[in-house]
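Peer 1: Quick one: the structure is below, and I'll ask about it shortly.
The values are calculated or read from the model by the stated rules, or taken from the named source; none is laboratory data. Every value quoted in this text rests on a predicted model; they were computed, and no experiment measured them. Using ideal geometry, Cβ is built from the backbone for each residue, glycine included, and neighbour counts are taken over all protein chains shown. The area values use the complete protein model at the heavy-atom level, side chains included, leaving out ligands, DNA and RNA. Shrake-Rupley method; radii C 1.70, N 1.55, O 1.52, S 1.80 Å.
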Amino acid sequence: MTIGNTYDIAVLGLGAMGSMAAWRAAARGASVIGIEQYGIAHDRGSSHGGSRIFRKTLFEGREYIPLVERAHTLWQRLEAESGTTLLRRSGGLCIGPRDGALIDDALRCAEEADIEHLLLEPDELAARYPQHATIAGDVAVLEPGAGVLDPEAAITAALRRAEAGGAQLCFQTPVTALRHDEGGVRVETAGDTFHTRRAIVATGAWFTDLLPGLALPLRVQRSLLSWFTGRDREAYRPEVFPVFIRESGTVDGWGIPDVDGRGVKVGAGPTAPKAWLDHARDNDHPVSESDLRPAEEFCRTAFPGLSPRAVAAAACMNSKTPDGDFVIGVPSGAPALVLAGGMSGHGFKHAAGIGDITVDLALDGACEVPLDRFSPDRFAGKES
């Protein structure tokens, strides 16, 4: 029970991970204070732009499978509780050379996790999905259950469910100080002070601002969301054009079908040059031609039916770790804190599961999902 300004859990940051943590904590009967420096489902971080890929065929490794399985269950629960469609199934493709790492890892994951999938040989890929440019030797792994998540709707739905469960949510409220020890956490804002047993820190690209003493080697990268159209817009609807990731030599990128009339959402892959930011607040300038160039070059080679000039674009950010893996867990030097950050550009699909896991750690001190790969302590003693 909340007594004055004392709570069981503080959730700092109410974007993808934080909104889900607030929902899951309130659903378990915990008293929750959630604090966000901007508004609901804002566009100043990493969880906007109308669509995110959901897939279970993960090339990141087997440690991610329990995360996405839990997330899938909870996305469905959130849809049922909120009466909102959040996941639109389109199918998903991993496209690349048969002997390439992307296809090899996707097939291994699908087989280990017993995920429905189909290997499309080059002629099958070309016949079923002629929207994609034909590159000799490329095959595809098709996952029929993959699709598109609506990030703004998902965050809003989770926050509404958190409030319905009794959570107190504060927006436009920056945290000015965070003090913690084995006895609990003190959270200060410009107008108030809150005391909690545990705090879940999920502040995205602002992650290290509140935790400089942990010396986590996170960097912020500017990433562009861009949309493209062609003459035959019907050919890119989710019913006929799956979400995809493609690694075909220099043809490296990802995409989402036209789910909202803006066009096909396309992004350049991790090999493309992207600007590093000194701080998240530096991501405040308009999209430039140089920002768009990698996505436009990918579109030009990957899609003969799309105009290679973006019709819309928006700036996003990724908080990245040196190894590309998430930060999930309780740091040894801060036992009252549960961290969920460093999602490195591939976290949203897992958000519902990660939010639930952070609540496990905050309330029970343990979680059945193996988290060693994501431990905040793995960077101790290493150069950033």
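Peer 1: How about segment 257-276: which of its residues are among the charged types (D, E, K, R), under 19 Å from the mean Cα position of the chain (by Cα) and over 14 Å from Ala302 (Cα atoms)?
Peer 2: Here is the first cut: in segment 257-276, the ones among the charged types (D, E, K, R) are 258, 260, 262, 265, 274.
Narrowing further to those that are under 19 Å from the mean Cα position of the chain (by Cα): 265, 274.
The one that is among the charged types (D, E, K, R), under 19 Å from the mean Cα position of the chain (by Cα) and over 14 Å from Ala302 (Cα atoms): Lys274.
Peer 1: Please note which strands (runs of 3 or more DSSP E) are completely contained in segment 14-100 and include at least 2 residues that are open to solvent by less than 20 Å² (accessible area, probe 1.4 Å). First the steps, then the outcome.
Peer 2: On the way: elements: 32-35, 52-54, 87-89, 92-97.
Qualifying strands (runs of 3 or more DSSP E): 32-35, 92-97.
Peer 1: Can you find a residue that is touching a Ser or Thr at 6+ places or on another chain (Cβ under 6 Å) and under 20 Å from Thr208 (Cβ atoms) anywhere in segment 372-381?
Peer 2: Pass one, segment 372-381, residues touching a Ser or Thr at 6+ places or on another chain (Cβ under 6 Å): 377.
Those left that are additionally under 20 Å from Thr208 (Cβ atoms): 377.
Yes, the conditions are met somewhere in segment 372-381.
Peer 1: Pairs please, first residue from segment 18-42 and within 12 Å of Ala162 (Cβ to Cβ), second anywhere and at pLDDT below 95, Cβ atoms under 7 Å, 6+ apart in sequence or on different chains.
Peer 2: Qualifying pairs under 7 Å: Ser31/Met1; Ser31/Thr2.
Peer 1: Kindly establish whether Leu159 is open to solvent by less than 10 Å² (accessible area, probe 1.4 Å), closer than 19 Å to Leu78 by Cα and not charged (D, E, K, R). Quick ask: steps written out before the conclusion?
Peer 2: Working: open to solvent by less than 10 Å² (accessible area, probe 1.4 Å): yes; closer than 19 Å to Leu78 by Cα: yes; not charged (D, E, K, R): yes.
Considered against the rule, which asks whether it is open to solvent by less than 10 Å² (accessible area, probe 1.4 Å), closer than 19 Å to Leu78 by Cα and not charged (D, E, K, R), Leu159 comes out as yes.
Peer 1: Test Ala153 against the stated conditions and say whether it is open to solvent by less than 10 Å² (accessible area, probe 1.4 Å) and either modelled with pLDDT of 95 or more or in a loop (DSSP other than H, G, I, E, B) (or both). If you could, list the steps in order and put the result at the bottom.
Peer 2: Working: open to solvent by less than 10 Å² (accessible area, probe 1.4 Å): no; either modelled with pLDDT of 95 or more or in a loop (DSSP other than H, G, I, E, B) (or both): yes.
When the stated conditions are applied, Ala153 does not pass them.
Peer 1: Find the strands (runs of 3 or more DSSP E) located wholly in segment 290-384 whose residues include 1 or more that are of a type in the set (A, V, I, L, M, F, W, C) and within 25 Å of Arg161 (Cα to Cα), and list them.
Peer 2: 327-329, 337-341
Here's the yes/no breakdown for (1) within 19 Å of the chain's Cα centre (by Cα); (2) open to solvent by less than 10 Å² (accessible area, probe 1.4 Å); (3) closer than 27 Å to Val251 by Cβ:
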site: Asp278; (1), (2), (3): no, no, no
site: Asp291; (1), (2), (3): no, no, yes
site: Thr301; (1), (2), (3): no, no, yes
site: Asp325; (1), (2), (3): yes, no, yes
site: Ala336; (1), (2), (3): no, yes, no
site: His346; (1), (2), (3): yes, no, yes
site: Ala351; (1), (2), (3): yes, yes, no
site: Asp360; (1), (2), (3): no, no, no
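Peer 1: Quickly run through segment 131-150 and pick out the residues that are touching a Gly at 6+ places or on another chain (Cβ under 7 Å) and surrounded by fewer than 18 Cβ atoms within 10 Å (Cβ to Cβ).
Peer 2: Once the filter is applied, which keeps residues that are touching a Gly at 6+ places or on another chain (Cβ under 7 Å) and surrounded by fewer than 18 Cβ atoms within 10 Å (Cβ to Cβ), segment 131-150 yields only Pro144.
Peer 1: Is it true that some residue in segment 377-384 is open to solvent by less than 30 Å² (accessible area, probe 1.4 Å) and either of a type in the set (Ser, Thr, Tyr) or touching a helix residue (DSSP H, G or I) at 6+ places or on another chain (Cβ under 6 Å) (or both)?
Peer 2: Initially, segment 377-384 is screened for residues open to solvent by less than 30 Å² (accessible area, probe 1.4 Å), giving 379.
So of that shortlist, the ones also either of a type in the set (Ser, Thr, Tyr) or touching a helix residue (DSSP H, G or I) at 6+ places or on another chain (Cβ under 6 Å) (or both) come out as none.
No, segment 377-384 contains no residue that is open to solvent by less than 30 Å² (accessible area, probe 1.4 Å) and either of a type in the set (Ser, Thr, Tyr) or touching a helix residue (DSSP H, G or I) at 6+ places or on another chain (Cβ under 6 Å) (or both).
Peer 1: Go through segment 16-68 residue by residue and tally those that are under 18 Å from the mean Cα position of the chain (by Cα) and of a type in the set (A, V, I, L, M, F, W, C).
Peer 2: 15
Peer 1: Among Glu124, Glu112, which is the only one that is under 21 Å from Pro257 (Cα atoms), exposed (fewer than 15 other Cβ atoms within 10 Å of the Cβ) and of a type in the set (Asp, Glu)? I'd like the intermediate steps shown before the answer.
Peer 2: Working: Glu112 fails: under 21 Å from Pro257 (Cα atoms).
Among Glu124, Glu112, only Glu124 is under 21 Å from Pro257 (Cα atoms), exposed (fewer than 15 other Cβ atoms within 10 Å of the Cβ) and of a type in the set (Asp, Glu).
Each row is one residue, and each column tells you yes or no for (1) of a type in the set (Lys, Arg); (2) over 25 Å from Ala146 (Cα atoms).
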residue	(1), (2)
Lys274	yes, yes
Ala313	no, no
Met317	no, no
Pro331	no, yes
Ala336	no, yes
Gly347	no, no
Ala351	no, no
Leu371	no, no
